[in-house]
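Structure first, commentary second.
The values are calculated or read from the model by the stated rules, or taken from the named source; none is laboratory data. In this text the structure is predicted, and so the values were computed from the model without any measurement. Cβ atoms come from the backbone with ideal geometry, glycine included; neighbour counts cover every protein chain shown. Note: areas computed on protein heavy atoms with side chains; ligands, DNA, RNA excluded. Shrake-Rupley method; radii C 1.70, N 1.55, O 1.52, S 1.80 Å.
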Amino acid sequence: MDRKTIRESLGNCLTDTSDLGIGRLSKGKVRDVYDLDDRLLIITTDRQSAFDRVLASIPFKGQILNQISAWWFDRTKNLIQNHLISMPDPAAIFARKCRVFQVEFIVRGYLTGSTNTSAWTQYNSGAREICGNKLPDGMFKNQRFEKPIITPTTKSDKHDESITPAQIVSRKLMTRGQWDEASDIALELFRRGQKTAAEHGLILVDTKYEMGIDQDGRLTLVDELHTPDSSRYWLSGTYEERFLRNQEPENIDKEFLRLWFVQNCDPYGEGPLPAAPDELVVELSARYVQLYEMITGERFNPPPDEPALTRLRRNLRAAGVQVEEDKLSFLDEPVGRF
Ligand SMILES: Nc1ncnc2c1ncn2[C@@H]1O[C@H](COP(=O)(O)OP(=O)(O)OP(=O)(O)O)[C@@H](O)[C@H]1O
Ligand SMILES: [Mg+2]
């Protein structure tokens, strides 16, 4: 998609859905989750988070993440039931309400990462066992593991911490049986994800799954699936050659936006953040579009040119959700007539 279309959409991001007046909202960093009693309405907004805060709004990002998840949910539903019921709007789904395990199932196919807690950093400083997975000596950065490994963390509002399967059971986050079943499924999902990604010129490097129990007691995959926010992707065509030359793999990531904030403010502080330059926001949107097209093999169709909230309001109302009137449309009414 051309940058002009993205640039023209900079002022039309889906950032705040509170004007819809739907009621019981729980707000994540990226998603607005409404409790509709018998089910959830999950709206994936255009908010971009990093450093545990919201940095900017990226045109089309919510729709892209929502549609990528739906694409993968469809391709994995014979492995595990997922929470998707239907998609009333490109950026929203009705979802099965679940009791979500307070555990993130992180699956890694490669020894990589650069943060303090990443598998590579731990390995490089001598660790040969990561969350109970034994690793051989002599591995290099970005090398493929013989078999994908699972490294669970707690799901917390602050910083997620590594946890072992034994602790998951002893802290009663899951039963042993639930862990055994969910971790087998996570590895199976990852194998399928890697195979499909490879057919599309991508390596699925690592990812995070969330699972829960639905109202009928069934194990259910929730949240998002194999999106660029929950997963790392590399381009497969150049991986081998670059790995042998000790070069970083090619990817389509958002590191440049994080770097801009690190260089221009203290994103770890409490103070307000400066606005990211438009050109960086357009660039990131273009990268999400490119990833959408590579992952799904389909062209991305931008939504028609109208305010995002107007579209969402219309689609939700058509799907039977009680939505408040557009406040702006009252202002549009001719004033002073009797
Ligand atoms: N089917 C579901 N039932 C219950 N809760 C769900 C379901 N699907 C997703 N959730 C929860 O809704 C929230 C979605 O919010 P969001 O994706 O913005 O994430 P977050 O947890 O705030 O932050 P991040 O994912 O970036 O760490 C998450 O807490 C997720 O666990
Ligand atoms: Mg999330």
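Taken over the chain, the ratio of Cα radius of gyration to 2.2 N^0.38 Å equals 1.05. Summary of packing: across the peptides 15-24, 132-141, the per-residue average of other C-beta atoms within 10 Å ranks them, highest first, as 15-24, 132-141.
Taking the helices alone, the chain has a mean residue ellipticity at 222 nm of -10000 deg cm²/dmol, built from -39,500 (n - 2.57) per DSSP H run of at least 4 residues and averaged over all its residues. Keeping the other protein chains in place, figure out the carbon and sulfur percent of the accessible area of the stretch 271-318, with a 1.4 Å probe. Here carbon and sulfur together make up 53 percent of the probe-accessible area. A simple spin-label model places pseudo-atoms 7 Å from Cα toward Cβ; at ARG191 and LEU36 they are separated by 3.6 nm. A Förster radius of 22 Å combined with the Cβ-Cβ distance from ARG245 to THR115 puts the calculated FRET efficiency at roughly 0.35.
Compared with the dominant Cα axis of the chain, that is its longest principal axis, helix 255-264 is turned about 80°. Cross-link partners of LYS27 among lysines, defined as those whose alpha carbon lies under 22 angstrom from its own and excluding same-chain residues fewer than eight positions apart: LYS61, LYS97, LYS155, LYS158, LYS208, LYS327. On full extension, the segment bounded by LEU219 and ARG24 gains 67.7 nm, given 0.36 nm per residue less the C-alpha separation.
Relative to the dominant Cα principal axis of the chain, helix 278-296 is inclined by about 70°.
Once both labels are positioned 7 Å from their Cα atoms along Cα-to-Cβ, the gap between VAL54 and ILE252 label points is 2.6 nm.
Taking the Cα centre of the chain as the origin and placing charges on Cβ (Lys, Arg +1; Asp, Glu -1), which of PRO148, TYR34, ILE64 is farthest toward the positive end of the dipole? It is PRO148. Net length available on complete extension from LYS77 to GLU306 is 79.1 nm, with 0.36 nm assigned per residue and the Cα-Cα distance removed. Shape of the stretch 99-244 from the C-alpha gyration tensor: oblate (a/c of 1.5 or more and a/b not above b/c, with a ≥ b ≥ c the square roots of its eigenvalues). Relative contact order of the stretch 99-244: 27 percent, from C-alpha pairs under 8 Å at least 6 residues apart in sequence.
Mean shadow of the stretch 202-243, computed from the convex hull of its alpha carbons, in nm²? Walk me through the intermediate numbers first.
Values: hull surface 13.8 nm².
Convex hull of Cα atoms, orientation-averaged projection: 3.5 nm².
How many Å² of accessible area per residue for the chain, probe 1.4 Å?
Working: 17280 Å² over 338 residues.
For the chain, the per-residue accessible area is 51 Å².
With each label modelled as a point 7 angstrom along the Cα→C-beta vector, the GLU161-GLN290 pair spans 3.9 nm. Between 0 and 90 degrees, the angle of helix 308-318 with respect to the longest Cα principal axis of the chain falls at about 80 degrees.
Only four residue types carry charge here, +1 at the Cβ of Lys and Arg and -1 at the Cβ of Asp and Glu. Report the dipole size of the chain about the Cα centre in Debye, rounded to the nearest 20.
Approximately 700 debye in magnitude.
Of the heavy-atom accessible surface of the stretch 99-244 (probe 1.4 angstrom), what whole percent is carbon and sulfur? Carbon with sulfur: 48 percent of the solvent-accessible area. Relative to one another, the C-alpha centroids of the stretch 1-56 and the stretch 291-310 are positioned 15 Å apart.
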